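Following: one structure in structure tokens, then a few remarks.
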Amino acid sequence: MNLTRLGVMLAALVQLAGAGVMDQMLVRDSLGTMPRWEQVRWLAKRRLPDPYLRDFTPVQDSGLRCVGRWSFGPSTWVDVRATSADTVVFLSRGSGVSIIRFRSQDSLRLDLLSDINSHGLTGRCQVRDTLLYVNSGGVECYDIGNLSNPVLLNWLSQPLIYDFFVVDTLLYTSSRDSLRIFSVSNPASPRWLGACADSGYVMYVSGSQAYLGHQAGLFIVDVSNPSAPHRVATLGFDVLSIWVQDTLLYFGTYDSTFQVYNVKSPVAPAPVGSLGGIAPACLYLPPTCDTVIYSSSFDVISVANPATPHRVGSVSPPGWEYGVAAVPALNYALVADYFDGLAVIDIAAPQSPQIDSLVFNTGLAEDVAVDGTRLYVAGLWSGLHVLDVSNPAVPRQLGNVDVPGVRPSSYAVVARDSFAYIGWTPVPQFRSVSVSDPTRPTLVGGYDVTNYPEDMVLRDTLVFIAEDAWFQVVNVARPRQPVLVGSCVLPGDSRGVCLQDTLAFVTSTPTQVVNVADPAHLVVVGEFDRGEYGIQIRDTFAYMTGYYAAYIYSVADPTAPRFLDSVSIGQPVNDIALADSLAYFGCQDGVRSMSLADPVHPTVVGFWATPYLVWRLTYAPPYVYAACSEAGVCVLETTQTGIVETGVSLPRRLAFRARPNPTSGRLRLNVEGLTDAPAVVRLRDVTGRQVLFEGTRTCRGPLMLDLTPLPPGVYFVEMRTDALEATTKVCKR
């Protein structure tokens, strides 16, 4: 990897705290090509905030409620618990941990026992007897006495924890500025014991020493007195991974060297041997075989003679390798392979290890689409995932379609009935997927559109596609043979699309209004003065997401959109979904709901902090589904209520009609069932503001309202008496 090139590119894009949506995407894509240990170092060296490490503390009474989560994304760590009865695998992926039973008596078999939703993106997971510890920014502790039902005992919410290690009843955490030690003799209530001003990105604890790996060196800290830890030695290496066995210290360095040191005297560590050409993010020495060490980049290293370590065999997993564990008795090793899930490697012949299979791959959640009780997730690097959300509290994966080793770039998905449509690379970049059997989705057709789809809308038999510099329409009347029916060039990269009647609003640079009345002849008819990421239309208003704000435009005349106002959000805003009288904004720190009672001045009424930033939102009543990139999908429900029409509560004998509807001006109200009853008549716009007041009128015969002075739009006619009230909706052309 050319880190210099990546560094120059990222430096030109980043101050993450002030980055806009487009910058975020480029930064995210670039960081995604780095192993995690390189990301941490690169950001820390430049004193940039790490988007993976943040305090995730959702407020319970926040106006939004998380109903359920599907927490899975890239794999980052693996640990095993082997007993005489079985072997259990613990796989950190996304913002969750999967607990898997591993069997290989006859043939390899992995049974998913349970999934854990963690507080944030997960790193190291470590099992100790019937307890599981997980790094999720803080450290979580679970009782896994029942593997099918893990129970959270405690979340030690120390922010920005890089790594941790548990030995007996002591928990060691390494954060940005210190090593902290806690007693976990009562796992549900950790007790702080001591700290020192040493830190590391990786750590290992053995005996009375803690070993901290940092770009500034490998620090050896005496922890024999937990209340007063102190550094006793430093080795001048930029350290990636550490393992300690008895008096031998093994570690990998940034310059691709595997080192062996004798630490019988921790204050004077002595070099023993080294091996070049190895840069592992993780090392693993099986407890049952102390002469062979495995690296996550999958090298099998003999340390039978520590003075002359040598590579016995190797195989290259397809993605970035983060964690490794091995069970020699079963002849298998396991690698948490960032891109491709869990790589299972046959080590029966250590000289020629073979990749047996790749399982539990989920990639990054880029987009979501809902059709009935199914949720479709476009997974960057992992294709399409089909989930059952009939119980939204427990989304369950039914199946996925992927091509091992290809890592398709899938940013957008739409679905209806027995077919889903997804963006895909390599070509063809638009794919049809049969989901008639959701457990076995199958690629059945495709069309090579100009660029890969960034966003799509499905209407009838047409899919409208926003692409870089293009807007295209594909006919899927025959899903197995999609056909391009129309296209037009746009001035810049397109990121979002919204349809209203015969118009498509495509966020570009700047955002374009395209007439799609004739899909074969697309015509740009209007242009905004800015280009943003997400866009939605409500009545005559357009809501766009942007840099730290939402922008509101009038599109009463779509050929000349008119800027009205902006609402500061305080975080980069990636997408928007509209639901009744609420708008939902997907932000870097979570989802915000806003009331559109006054559409020109939305007000925040709810917030829920997601485990990671939100890229896409979709609303399928009564839930909002948020695609949280590396953290999977969150299912949210609002605790706020919008304005609704009230006619359903009226007695059957009362008839309240407005004609003509739509109207160009004069409106006739027919009220039946009331005679000489005094009534107050008001006209409100979609914001709930009163725009016309008729005072007290007698409900005898028709009432006339003149809407001529009012601009086009949707209005509500409200009539109240002492005992009854009614509302009906009218449209002014």
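Entry remark, region 362-380: residues being part of a loop (DSSP other than H, G, I, E, B) and in contact (Cβ under 8 Å) with a residue 60 or more places away in the chain number 2 in total. Restricting F464, F541, F528 to residues that are out of contact with any Lys or Arg (no Cβ under 9 Å at 6 or more places or on another chain), under 23 Å from S593 (Cβ atoms), at pLDDT 90 or above and buried (at least 18 other Cβ atoms within 10 Å of the Cβ) narrows the list to F541. Number of residues in region 80-99 that are buried (at least 23 other Cβ atoms within 10 Å of the Cβ) and in a strand (DSSP E or B) equals 9. For region 274-311, residues that are of a type in the set (V, I, T), more than 38 Å from the chain's Cα centre (by Cα) and buried (at least 16 other Cβ atoms within 10 Å of the Cβ) total 1.
Residues in region 414-434 that are crowded, with 24+ Cβ neighbours inside 10 Å and among the hydrophobic types (A, V, I, L, M, F, W, C) were compared, and the one that is modelled with the lowest pLDDT is W424. V167 falls short on exactly one of the conditions (1) in contact with a Ser or Thr (Cβ under 9 Å, 6 or more places away or on another chain); (2) surrounded by 21 or more Cβ atoms within 10 Å (Cβ to Cβ); (3) within 23 Å of V324 (Cα to Cα), and that condition is (2).
Matching residues to (1) hydrophobic (A, V, I, L, M, F, W, C); (2) under 30 Å from the mean Cα position of the chain (by Cα):
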site	(1), (2)
N515	no, no
R530	no, yes
R538	no, yes
A542	yes, yes
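Can you name the number of the only condition in (1) farther than 25 Å from G137 by Cα; (2) part of a loop (DSSP other than H, G, I, E, B); (3) hydroxyl-bearing (S, T, Y) that S227 fails? Status for S227: all satisfied but (1). Out of V244, V267, one residue alone is modelled with pLDDT of 95 or more and either in contact with a helix residue (DSSP H, G or I) (Cβ under 6 Å, 6 or more places away or on another chain) or in a loop (DSSP other than H, G, I, E, B) (or both). It is V267.
Looking for whichever is at pLDDT below 70, assigned to a strand (DSSP E or B), of a type in the set (V, I, T) and over 27 Å from S554 (Cβ atoms) here; the options are T675, T696, T727. Which one fits? Checking each option against the conditions leaves just T696. Annotation note: Cβ proximity below 6 Å between a residue of region 695-724 that is at positive phi and a residue that is modelled with pLDDT of 75 or more and surrounded by 11 or more Cβ atoms within 10 Å (Cβ to Cβ) (sequence gap 6+ or interchain) occurs for G713/D539; G713/T540; G713/K732. Against the list (1) crowded, with 21+ Cβ neighbours inside 10 Å; (2) closer than 27 Å to N135 by Cα, the condition H230 fails is (1). Checking R459, R374, R396, R407 one by one, the residue that is surrounded by fewer than 16 Cβ atoms within 10 Å (Cβ to Cβ) and either at pLDDT below 95 or under 20 Å from the mean Cα position of the chain (by Cα) (or both) is R396 and no other. Taking the criterion of being surrounded by 24 or more Cβ atoms within 10 Å (Cβ to Cβ) and closer than 25 Å to E454 by Cα, the residues of region 589-616 that qualify are G590, V591, R592, S593, T610, P611, Y612, V614, W615, R616. In region 617-665, the qualifying residues are those that are within 30 Å of G96 (Cβ to Cβ) and modelled with pLDDT under 75, and the one that is surrounded by the fewest Cβ atoms within 10 Å (Cβ to Cβ) is T639.
When the residues of region 211-228 are filtered to those that are among the hydrophobic types (A, V, I, L, M, F, W, C) and modelled with pLDDT of 95 or more, which remaining residue is nearest to V260 (Cα to Cα)? So the residue we want is L218. Of the strands (runs of 3 or more DSSP E) lying entirely inside region 444-494, those carrying at least 1 residues that are within 21 Å of Y376 (Cβ to Cβ), assigned by TED's automatic domain parsing to the domain that holds A504 and in contact with a Pro (Cβ under 8 Å, 6 or more places away or on another chain) are 462-475.
Yes or no: D222 charged (D, E, K, R) and touching a His at 6+ places or on another chain (Cβ under 8 Å)? So D222 passes the test. Tell me whether region 70-85 contains one or more residues that are hydroxyl-bearing (S, T, Y), more than 16 Å from the chain's Cα centre (by Cα), over 19 Å from W381 (Cα atoms) and modelled with pLDDT of 90 or more. No, region 70-85 contains no residue that is hydroxyl-bearing (S, T, Y), more than 16 Å from the chain's Cα centre (by Cα), over 19 Å from W381 (Cα atoms) and modelled with pLDDT of 90 or more. Within 31 Å of the chain's Cα centre (by Cα), of a type in the set (A, V, I, L, M) and either within 21 Å of G570 (Cβ to Cβ) or surrounded by fewer than 23 Cβ atoms within 10 Å (Cβ to Cβ) (or both): does that describe A550? Against the criterion (within 31 Å of the chain's Cα centre (by Cα), of a type in the set (A, V, I, L, M) and either within 21 Å of G570 (Cβ to Cβ) or surrounded by fewer than 23 Cβ atoms within 10 Å (Cβ to Cβ) (or both)), A550 qualifies.
Looking at S92, S75, S104, S148, just one residue is among the polar types (S, T, N, Q) and either within 30 Å of M594 (Cα to Cα) or touching a helix residue (DSSP H, G or I) at 6+ places or on another chain (Cβ under 9 Å) (or both), and that residue is S104.
Candidates A329, A304: the one that is over 30 Å from A620 (Cβ atoms) and modelled with pLDDT under 90 is A329.
The values are calculated or read from the model by the stated rules, or taken from the named source; none is laboratory data. Note that this is a predicted model, so its numbers are computed, not measured. Cβ sites come from the backbone with ideal geometry, for glycine too, and all protein chains shown count toward neighbours.
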